Each structure stands twice: as structure tokens, then as C-alpha cells.
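Engineer: Right, I'll just put the structure down here and ask away after.
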Amino acid sequence: MSTSYDHVIVGGGMTGDAAAKAIHETTPDATILIISADVDAPYTRPALSKKLWIDPDYTESDNDLGTVAESGADLRLRTLVESIDRDARTVTTSDGVTVGYGRLLLATGGSPTALDLPDDDRVLYFRTAADYRRLRELAGSGRHVAVVGGSYIGTEIAAALAQNDTRVTLVFPDDVLGASLLPAPIASVLDRTFEEARVELARGRRVESGTADDSGLHLVLDDGSALDADAVVVGLGISPDDGLASDAGLDVDDGIVVDETLRTSDPLVFAAGDVASYPDAILGRRRVEHVDNAKSQGATVGRIMAGSDEVYDHTPYYYSKVFDILYEAVGTLDTSLETVLDDKGEGRAVAYYLGDEGVEGVLLWNVEGARDAAREVVRDCTPGDIELAGRI
């Protein structure tokens, strides 16, 4: 490994992969280093809770992004960056190596929300390919896995396990699965789908604590009841890993603050992906933790670092797939907002979420090919637009 690179990328996820490939495509002779805390080279993260469980022909080898081969980057795994010296333009790693940079990208992602559970290898805060492999070892053969969290990761993992000979209990705080995100008629469909798949639903419950012994994991729920399982998967979201940036004196506010060019308060330091708080062209400043944003921001920031004068003006979508349900969304899904539901029939629907400024979010329930239309509605519809049914 060299001691100085044109571009140093901190973070070995999909954002870092996309950035490295874009830099190489734009300036093939540029030197690139990716420093990653992961044990695996960059991979497709969504497949960890979806395709790898339900497509027998899709393997972990297929899930590898081929980062080094396609970008020419040097890759250091199992390595943390401990500090940034912006004056010297260097980063120092956990093993004491100091590396110089011309431009630096912080794609550090986030850390999973933890619970008061024992430090045990049967408790997984599901995030990485290593977590996927460990869960594969713990699942199947009728074993019982408790999944904590009723949002994207929790529901996807519960569905994946239920389709792989595993007894599943899903613990979530809503009275109906998905009720905080989805209009009531749609949430009831989601809830019923999981029931029909024989997923045990611990509705309206949270995990207070847990213990472990040779027989398994023993959870205590907030109503005092007990839940015993062979393994526990926690999927309660992440907190942005912005401490490195903060320590370096960069602006942070629920993530690393960047402008429309994805530059931080230091013009030679960039941030993208889950950790970046950016000014969305339609929705305003936000931080997005979904794959479309990771890939799009990564590619854009790579080109900008390599000399492009473009800005990041893409409004990302996000999606989930459980059993035979596919839903996509743009903007904010929050049922504390007023919702307008347009039932398309045959299990298809579009929901609009209304705020003070107009349409703040659009849900596409089993409706494909309508992401751009959803973006247009969020961008163009004002509070006076009351005829939303049929817009998509």
C-alpha cells in the first residue's frame, strides 16, 4: 500500500464502491484507496435480507460488487480510520498507518441501534455479510428466531427466515404491523400476510432486556412477558457514524453536513451515503439510508472528486420486498400525516402523504414503473391540490 493517494475513501459499502468506480471511469490514472472496517470486500447490502434467502441460484459470490477489479483501487479491510489531519491532508488508521490524500470521501455509514441484550454471538444487530452468514448458521431446522423491529430490516428478515424453515416471532411496537408507515387498509394487508406465513406477531411490544444461557436467549418484553428463542435479530435502524468528521472539525448535524456538490465544510473532504445530510432538490435537507441514495450519491461524488462540476440533484426512492409484496416510496411515509389512498385494485394501491407544504411522500404498493411520477407529484403538488387519486 502506498503512503499517499489521489483519493482516499473511508467506508467499504455500496457508496464507496460506486465512488471508486466513478473516479476510475472519469480519471483512469488516479490512485484510490478504500479503507473499510468490514471483513468483506464491498457487496450488495439489500440482498442480505432479501435475494440471498429466496433465490437458490444467487450466492454470496454473485453478491460481490467486484470493486477492486473494476476500479483499480487498493482495498484495506478490517481497518478503522481513527483521525483526520485536514492541514496535512492525512488520515491515520487504527494500526498506526498514516496515509495522505488529495481528496477524501467519508462514506462511513452508521451503527445499528443496540438494546440491553447480552454480548452473545446469537444476538445479531443485522448489518453486514458476516451477520448474514452467522444468521444462516443459527436459522433453519425449525429453530426459533426472535426478530425485533417492524420496519424494513425487521420485516424483511422475518419474511426471509419464515421461508427458510425457521419459526419466527416478530416483536414491534405498533398494534398492526406497519401502522406507523402505511395507511390502515394497507397495514392490515401486511399484518395478515405475515400471519398467514405463520410468523408469530408480538404486537404492541418492545424488548426491555435479555439474558443468555446454554439453552438460548431469554427476552423480557415491556409488559413483563418472556420470550425465549434460539437467536435474536435486532433491526431498529442506525445512527450515523459522524464522529470521525466531528473530531476533525467538520460540520455535523444528524450526519455529516454537505452541500449540493457533496462537499463538507472542507472543500477537499466529501461525504455521501447513509452518513450524509444533504440538500435534496425536491425534499429539502435530509439523510437517507437506502440503496438508491448510496449508489447514486456514490457515483456522483466520485465524478465530482475527479473534477466534474455537477451537483447531486437526484431524489432517491426506497423499497422493500416481503413475500409477494413489493412496495416503493419517495419522500416521507408517516401516518401521523394526512393520507389519501388510491386503491388500484388487484392488490395495488398508491398512497399520498400530505403536509403543510403539499405532498411529502408517495407510497407505491405493488405498483411498478412509477418512481418518476411519484417524484413529480412530491415536487409539484401544493396544499391546494386535492384531486390526487389518479395522478399515478
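Engineer: Considering the range 255-285 alone, what residues qualify as being at pLDDT below 95 and either surrounded by 18 or more Cβ atoms within 10 Å (Cβ to Cβ) or more than 19 Å from THR315 (Cβ to Cβ) (or both)?
Structural biologist: LEU283, the sole residue that qualifies.
Engineer: State whether the residues of the range 83-91 include one that is open to solvent by 30 Å² or more (accessible area, probe 1.4 Å), free of Cβ contacts under 8 Å to residues at least 12 places away in the same chain, of a type outside the set (Phe, Trp, Tyr) and on the phi > 0 side of the Ramachandran plot.
Structural biologist: Among the residues of the range 83-91, not one is open to solvent by 30 Å² or more (accessible area, probe 1.4 Å), free of Cβ contacts under 8 Å to residues at least 12 places away in the same chain, of a type outside the set (Phe, Trp, Tyr) and on the phi > 0 side of the Ramachandran plot, which makes the answer no.
Engineer: Specify which of the listed residues (THR108, THR79, THR155) is part of a loop (DSSP other than H, G, I, E, B) and crowded, with 21+ Cβ neighbours inside 10 Å.
Structural biologist: Only one candidate qualifies: THR108.
Residue by residue, here is whether (1) open to solvent by 10 Å² or more (accessible area, probe 1.4 Å); (2) touching a strand residue (DSSP E or B) at 6+ places or on another chain (Cβ under 9 Å); (3) in a strand (DSSP E or B); (4) touching a residue at least 12 places away in the same chain (Cβ under 8 Å) holds:
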site: ASP313; (1), (2), (3), (4): yes, yes, no, yes
site: SER320; (1), (2), (3), (4): no, yes, yes, yes
site: LEU326; (1), (2), (3), (4): yes, yes, yes, yes
site: ASP334; (1), (2), (3), (4): yes, yes, no, yes
site: ASP342; (1), (2), (3), (4): yes, yes, yes, yes
site: VAL350; (1), (2), (3), (4): no, yes, yes, yes
site: GLU360; (1), (2), (3), (4): yes, yes, yes, yes
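Engineer: Within the set of pairs 6 or more residues apart or between chains, which connect a residue that is farther than 16 Å from ALA212 by Cβ inside the range 122-142 to a residue that is among the charged types (D, E, K, R) and open to solvent by less than 50 Å² (accessible area, probe 1.4 Å) with Cβ atoms less than 8 Å apart?
Structural biologist: As it stands, the answer is THR128/ASP38; THR128/ASP40; ALA129/ASP38; ALA129/ASP40; ALA130/ASP38; ALA130/ASP40, since those pairs meet every condition given.
Engineer: Right, next: Would you please name the residue that is most open to solvent (accessible area, probe 1.4 Å), looking only at residues in the range 183-242 that are assigned to a loop (DSSP other than H, G, I, E, B) and touching a helix residue (DSSP H, G or I) at 6+ places or on another chain (Cβ under 7 Å)?
Structural biologist: We begin by selecting, within the range 183-242, every residue assigned to a loop (DSSP other than H, G, I, E, B); these are 183, 197-199, 203-206, 214-215, 222-225, 230, 235-237, 241-242.
Add one more test, that the residue is touching a helix residue (DSSP H, G or I) at 6+ places or on another chain (Cβ under 7 Å), and what stays is 197-199, 230, 235, 241-242.
Working: ALA197: 32, ARG198: 205, VAL199: 8, ASP230: 58, GLY235: 12, ASP241: 54, ASP242: 32 Å².
Checking each candidate, the answer is ARG198.
Engineer: Please state which one of VAL176, VAL207 is in contact (Cβ under 8 Å) with a residue 60 or more places away in the chain and either closer than 23 Å to ALA351 by Cβ or under 24 Å from the mean Cα position of the chain (by Cα) (or both).
Structural biologist: VAL207
Engineer: Mind listing just one residue for me: the one in the range 248-280 that is assigned to a loop (DSSP other than H, G, I, E, B) and of a type in the set (A, V, I, L, M) and, of those, farthest from ILE238 (Cα to Cα)?
Structural biologist: The extreme case among them is LEU268.
Engineer: What's the total number of residues in the range 111-145 that are buried (at least 19 other Cβ atoms within 10 Å of the Cβ), closer than 23 Å to GLY298 by Cα and in contact with an Asp or Glu (Cβ under 7 Å, 6 or more places away or on another chain)?
Structural biologist: Adding up the residues that qualify gives 2.
Engineer: Does ARG103 satisfy the condition of being under 23 Å from the mean Cα position of the chain (by Cα), surrounded by 15 or more Cβ atoms within 10 Å (Cβ to Cβ) and among the charged types (D, E, K, R)?
Structural biologist: It is false that ARG103 is under 23 Å from the mean Cα position of the chain (by Cα), surrounded by 15 or more Cβ atoms within 10 Å (Cβ to Cβ) and among the charged types (D, E, K, R).
Engineer: How about the range 305-334: which of its residues are of a type outside the set (Ser, Thr, Tyr) and under 20 Å from LEU190 (Cα atoms)? Walk me through it before giving the result.
Structural biologist: The first filter runs over the range 305-334 and keeps only residues of a type outside the set (Ser, Thr, Tyr), leaving 305-307, 309-311, 313-314, 316, 321-326, 328-331, 333-334.
LYS321, VAL322, PHE323, ASP324, ILE325, LEU326, GLU328, ALA329, VAL330, LEU333, ASP334 - these are the residues of the range 305-334 that are of a type outside the set (Ser, Thr, Tyr) and under 20 Å from LEU190 (Cα atoms).
Engineer: Could you please find all residues in the range 1-54 being among the polar types (S, T, N, Q) and not in a loop (DSSP other than H, G, I, E, B)?
Structural biologist: If the condition is that a residue be among the polar types (S, T, N, Q) and not in a loop (DSSP other than H, G, I, E, B), then SER4, THR15, THR26 are the ones that fit.
Rundown of residues vs (1) more than 23 Å from GLY150 (Cα to Cα); (2) without any contact (Cβ under 8 Å) to a residue 24 or more places away in the chain, yes/no style:
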position	(1), (2)
THR211	no, no
GLY216	no, no
ALA226	no, yes
ALA229	no, no
LEU236	no, no
LEU244	yes, no
LEU262	yes, no
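The values are calculated or read from the model by the stated rules, or taken from the named source; none is laboratory data. This one's a predicted model, so the numbers in the text were calculated from it and none came from an experiment. Heads up, the Cβs are rebuilt from the backbone with ideal geometry, glycines too, and the neighbour counts pull from every protein chain shown. Each accessible area value is taken on the protein alone, full model and side chains, heavy atoms only, with ligands, DNA and RNA left out. Shrake-Rupley method; radii C 1.70, N 1.55, O 1.52, S 1.80 Å.
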